[in-house]
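The values are calculated or read from the model by the stated rules, or taken from the named source; none is laboratory data. Quantities reported herein were computed from a predicted structural model and do not represent experimental measurements. Reconstructed Cβ throughout: ideal geometry from the backbone, glycine too, with neighbour counts over all protein chains shown.
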Amino acid sequence: MSIAYKRILLKLSGEVLAGEKGSGIDTPTVLKICESVKRIADLGVEVGIVVGGGNFWRGRTSEHMDRTRADH
């Protein structure tokens, strides 16, 4: 199999980590994602992962921190 890219960036929403729970982190879901990433890495592809966290923390809903600080 020919590899189209040597490096990829995978952006996962925080929501996808929750699986069917809808919030937090669902371990079986995370393990499935890790297995998929490992299969890609085993092909020789460098994988960078960015995880969103909007389902864990939203600056706009915080009462104790201004939005500018919370979103950065």
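At a glance:
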read-out	value
Wholly within the chain, helices (runs of 4 or more DSSP H) carrying at least 3 residues that are at pLDDT 95 or above and surrounded by 12 or more Cβ atoms within 10 Å (Cβ to Cβ)	27-42
Cross-chain or 6+ apart pairs with Cβ under 6 Å, region 17-38 first and closer than 17 Å to Gly52 by Cα, then small (Gly, Ala, Ser) and in a helix (DSSP H, G or I)	Asp26/Gly19; Thr29/Gly19
